[in-house]
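J.: Got a structure for you, questions after.
The values are calculated or read from the model by the stated rules, or taken from the named source; none is laboratory data. In this text, all values refer to a predicted model and were calculated from it rather than measured experimentally. Note: ideal-geometry Cβ built from the backbone for every residue, glycine included; neighbour counts use all protein chains shown. SASA here: full protein model, heavy atoms, side chains in, ligands and nucleic acids out. Shrake-Rupley method; radii C 1.70, N 1.55, O 1.52, S 1.80 Å.
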Amino acid sequence: MDFISPAEIKRIASRYGFVFKKGLGQNFLSSQSVLEEIADAAEIENEGVIEIGPGFGVLTNELAKRAEKVLALEIDDRLIPILRDTLSEYDNVKVINKDVLKTDIAELIKNEFGDKRVSVAANLPYYITTPIITSLIENRLPLKNLVVMIQKEVADRITAQPGTKNYGAISVLCQFYTEPELVCNVGAELFVPPPKVDSAVVKMAFRDKPAVEVKDEKMFFRTVKAAFSQRRKTLLNCLAANFPINKSDLTKIMESVDIAPTRRGETLSLEEFAKLSEVIC
Ligand code: SAM
């Protein structure tokens, strides 16, 4: 495949009599420059990469030009013979007909890439964006970069800073383990068929160690979850509803780390969540 355009995607679909399934998030990217941006951002020269949902293989094609090996997981069995044709010029691509959410990715990396760190690049199916991202991040996989096309609204939440309306538990999770950055915004007209929402590409480079030091990561994330449990309530009320500690003790605990009980969860930095989680347990 040389140059991808909306006309080319439509040509492939009509050649194979392929009908797009909305329920599988099948909005195929038809911009050559965005495909190249995603593949470049993954930084996979002579390394391994996993792609989730190759579709017709347009991103796979760009990944295969750069990577040592591409492993692509596609749930839709109608796409497997199409991918065999569209990717026939590459001997470094393996397509597996599997649901990413039912695949043990740690096991897959071990079997397919050995001890090497790999990256993940994908134009994600939007109906499962959050479960895919959280499971790739939470499972502490040996990943280098995660570069994903997602809904603009989710990209805004992942990259949001404390004190802004988009800042929430997913911002903290992603920023704790990775360094998220916006690669580019992508208009709906660059997909076939166009989705109902705007999109963006986000790159998350995995940190060697988490952004802030904590003794107990489980307690850190329990504190974060509690803090964001009711956005209109104060931090004190959110914590009181989620920990078996009375308000007067909680007030003292919060004041011991210079966090006013009247603040809202969305104003706390990662450092403040870390300090709070250390004293609340
Ligand atoms: N990579 C292609 C592109 O950029 O044009 C297709 C991207 S399309 C947004 C999402 C792809 O993910 C589709 O091919 C869809 O069939 C596949 N998909 C949907 N759910 C999946 C799942 N649970 N596991 C693996 N692939 C899935």
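J.: Which of LYS69/LYS102; LYS98/LYS218; LYS69/LYS98; LYS98/LYS144 have a Cα-Cα distance over 20 Å?
T.: Beyond 20 Å: LYS69/LYS102; LYS98/LYS218; LYS98/LYS144.
J.: Now for a separate question. Just flag the GluC sites (Glu not before Pro) in segment 23-62 sitting in loop per DSSP whose Cβ has no more than 10 other Cβ atoms within 10 Å.
T.: GLU45
J.: Heavy-atom accessible area of ASP258 with all protein chains present, probe 1.4 Å, nearest 10 Å²?
T.: Answer for ASP258: close to 130 Å² accessible.
J.: Quick one: pull the percent of accessible area on segment 226-281 belonging to carbon and sulfur, 1.4 Å probe, ligands and nucleic acids left out. Don't skip to the end; give the middle numbers.
T.: On the way: 1450 of 2830 Å².
The computed percentage sits at 51.
J.: Shifting gears a bit: May I ask you to compute the full-extension gain from CYS281 to VAL212, defined as 0.36 nm times their residue separation minus their alpha-carbon distance, rounded to one decimal in nm?
T.: Details: separation 69, 0.36 × 69 = 24.84 nm, distance 1.74 nm.
23.1 nm is the gain from fully extending CYS281 to VAL212.
J.: Show me, for segment 145-158, the HN-Hα J-couplings you get by feeding each phi into the Karplus relation (A = 6.51, B = -1.76, C = 1.60, θ = phi - 60°), rounded to Hz, glycine and proline as x.
T.: 10, 10, 10, 9, 8, 9, 4, 3, 4, 6, 4, 5, 6, 5
J.: So, one more: With just the Cα atoms defining each centre, how far is segment 141-205 from segment 1-74? Give it in Å.
T.: Their Cα centres are 19 Å away from one another.
J.: A follow-up question, please. Filter the GluC sites (Glu not before Pro) in segment 187-222 to those in DSSP coil with at most 16 other Cβ atoms within 10 Å of their Cβ, and list the result. Please report the intermediate quantities before stating the final value.
T.: Values: sites: GLU189, GLU213, GLU217; in loops: GLU213.
Counting only loop positions with at most 16 other Cβ atoms within 10 Å, the GluC sites (Glu not before Pro) in segment 187-222 are GLU213.
J.: Counting only heavy atoms of protein chains, what accessible area per residue, in Å², does the chain have with a probe of 1.4 Å? Numbers along the way, then the final one.
T.: Details: 13230 Å² over 281 residues.
Counting only protein heavy atoms, the per-residue value for the chain is 47 Å².
J.: What's the FRET efficiency of VAL257 with ASN111 using the Cβ-Cβ distance as r and R₀ = 45 Å, to the nearest 0.05?
T.: 0.50
J.: Which distance in nm do the two modelled labels at ASN166 and ASN139 give, with both placed 7 Å along the Cα-to-Cβ direction?
T.: 2.7
J.: Further, regarding this structure: What is the spin-label model distance, in nm, from GLU153 to GLU43 if the labels are put 7 Å beyond Cα along the C-beta direction?
T.: The two pseudo-label positions are separated by 3.2 nm.
J.: Given 0.36 nm per residue, what is the gain on full extension from SER5 to LYS98 after removing their alpha carbon distance, in nm?
T.: 30.8 nm
J.: Diagonalise the Cα gyration tensor of segment 36-105 and give the resulting equivalent ellipsoid semi-axes, square root of 5 times each eigenvalue, largest first, whole Å.
T.: Its equivalent ellipsoid spans semi-axes of 18, 14, 10 Å.
J.: Quick check: at a probe of 1.4 Å, how many percent of the accessible area of segment 16-96 sits on carbon and sulfur atoms?
T.: 47
J.: Taking segment 124-225, which trypsin sites (Lys or Arg not before Pro) meet the DSSP loop condition and have no more than 16 other C-beta atoms within 10 Å?
T.: Passing both the DSSP loop test and the Cβ count: ARG140, LYS165, LYS196, ARG207, LYS215.
J.: Which value in nm describes the separation of the simple spin-label points at THR130 and THR267, placed 7 Å from the Cα toward the beta carbon?
T.: With each label placed 7 Å out from Cα toward Cβ, I get 2.5 nm.
J.: Could you compute how fast the chain diffuses translationally, taking Rh as the Kirkwood radius over C-alpha pairs and applying Stokes-Einstein at 4 °C with viscosity 1.567 mPa s? Give it in µm² per second.
T.: My calculation gives 64 µm²/s for D.
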